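Shown next, in structure tokens, is the structure this report addresses.
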Amino acid sequence: MKKIITNSEKEMIANIFTKKYYEVAYFLGIPYTSFLILELFNKNGVSNILKTKYVTSEEIIASTGFSSTAKYALEWMLSFLSQSGLLKKTNVRGIPEYYYDGQENIDSRSFYKKIIEVDREVIPSCNLMEYVISEYDNFFKGIKKGIEILFANDKIYLWNDYFNNNNSGYRVYNSFGAFGVAKWISNKKNITILEVGGGTGSATSFLLEKLKETNKLSIVDEYIFSDISPIFLRMGNKVIMSIVPDDFQYSLKKLDFDKPIIEQGFKENEFDVVYGVNSLHVAKNLATSL
């Protein structure tokens, strides 16, 4: 019986999901993120509300005067802190309620220092998190929308640094995705690949380099790099041109995966591989997009 994963592939996977990765992403990253959130809660009065009694997200919003648009982000934060063990949770009234006993010594910077001592390549992930946290007051109060904060013109460099294969906090997704595609197409020919939500092209880069390294570029009849943003299409084009030979067939297409692809000039059953790294989380209806 043929092995699904060979020993060499196991070694390759182990080199992706290293001990350092787990230490930074989980053992240090979770308390770092938790303390960033608690510092935010301390700053805007949420912690004081949580210390009085078990409360719901709606009760917090009513007490603080936050915008109703804060509800889902606030619920995610409360749930995350509960899973991290920093908040107590109950469902006595049939909805999640949270309580904070305030016993923790909150200091996100100490965890930041520990993280970069282990792996300085993850700094872009930390920089992006700290920027977003710094703007959450404006989001909670309805002063700024999430899109305005995340994609502010003067902060685009944060995303360029984050969606980068030099960022070990992000590289793992690109490398493991490329490993999966390369393995799946290893015994196939005349492959057509559609990449969705290609963004800055860091996943594209990793996949094409992997195919080039394993002499598999020649089995790709066409590679379609797609995104909803013309800026990202231009960035993707630059990435692809820097890797593939002149006779490699590829194209750039605008694609909104919230809409039926047939209406956007694509044919049914046209692709052997549909590939996306860190893209489908923005789908309005995940099942429909898939």
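General observations
- For region 16-99, the residue among V55, Y21, L81 whose Cα projects farthest onto the positive side of the dipole built from Cβ charges is Y21.
- Distant-in-sequence amide H partners of V220 (H built 1.01 Å from N, under 5 Å): I191
- Rg then Dmax, both in Å and based on the Cα atoms of region 1-79: 20.4, 63.
- The Rg/Rh ratio of region 77-219, with both radii computed over alpha carbons and Rh defined as the Kirkwood radius, is 1.09.
- Listed residue pairs exceeding 26 Å between alpha carbons, taken from K20/K238; K20/K43; K10/K210; K51/K145; K113/K183; K20/K216: K20/K238; K20/K43; K51/K145; K113/K183; K20/K216
- Note that region 278-290 has calculated 3J(HN,Hα) couplings of 6, 10, 6, 5, 9, 5, 6, 9, 4, 4, 5, 5, 5 Hz, one per residue in order, obtained from phi through the Karplus relation 6.51 cos²θ - 1.76 cosθ + 1.60 (θ = phi - 60°); glycine and proline are x.
- Amide proton proximity set for E270, modelled H, under 5 Å, gap of 5+: none
- Rolling a 1.4 angstrom probe over region 111-201 with all protein chains present gives an accessible area of which 53% lies on carbon and sulfur atoms.
- Reciprocal of mean inverse Cα separation for region 201-290 (Kirkwood radius, Å): 14.1
- Whole-percent pair-distance distribution, where bins are 5 Å wide, for the alpha carbons of region 207-252: 5, 21, 33, 23, 12, 5, 1
- Taking the centroid of alpha carbons for each part, region 124-198 and region 41-80 are 27 Å apart.
- If you wrap the Cα atoms of region 25-67 in a convex hull and average its projected area over all directions, you get 3.6 nm².
- A 1.4 Å probe, protein heavy atoms only, puts the accessible area of R234 near 150 Å².
- Heavy atoms of T52 accessible to a 1.4 Å probe, total area in Å² rounded to 10: 100
- Dipole magnitude (debye, nearest 20) for the chain, charges at Cβ of Lys, Arg, Asp, Glu: 460
- Heavy-atom accessible area for D227, with the other protein chains in place and a 1.4 Å probe, reaches approximately 10 Å².
- Compactness of region 5-129 is given as radius of gyration and Dmax, 17.8, 57 Å, from Cα positions.
- Ratio of Rg to Rh over region 95-153 (Cα coordinates, Kirkwood Rh, two decimals): 1.08
- Across region 210-220, computed HN-Hα scalar couplings (Karplus, 6.51 cos²θ - 1.76 cosθ + 1.60, θ = phi - 60°) run 5, 5, 5, 4, 9, 6, 10, 4, 5, 8, 8 Hz from first to last residue, x flagging Gly and Pro.
- In units of the compact-protein estimate 2.2 N^0.38 Å, the chain shows a Cα radius of gyration of 1.16.
- Here's the picture: charge each Lys and Arg Cβ at +1 and each Asp and Glu Cβ at -1 in region 188-263, and of I261, L207, T192 the one pushed furthest to the positive end of that dipole is L207.
- Across the chain, the longest piece that holds none of the GluC sites (Glu not before Pro) lying in DSSP loops with up to 16 other C-beta atoms within 10 Å covers 105-267.
The values are calculated or read from the model by the stated rules, or taken from the named source; none is laboratory data. A quick note: this is a predicted structure, and the numbers were derived from the prediction, not measured. Note: ideal-geometry Cβ built from the backbone for every residue, glycine included; neighbour counts use all protein chains shown. When the accessible area is computed, the model is the full protein with side chains, heavy atoms only, and any ligands, DNA or RNA have been set aside. Shrake-Rupley method; radii C 1.70, N 1.55, O 1.52, S 1.80 Å.
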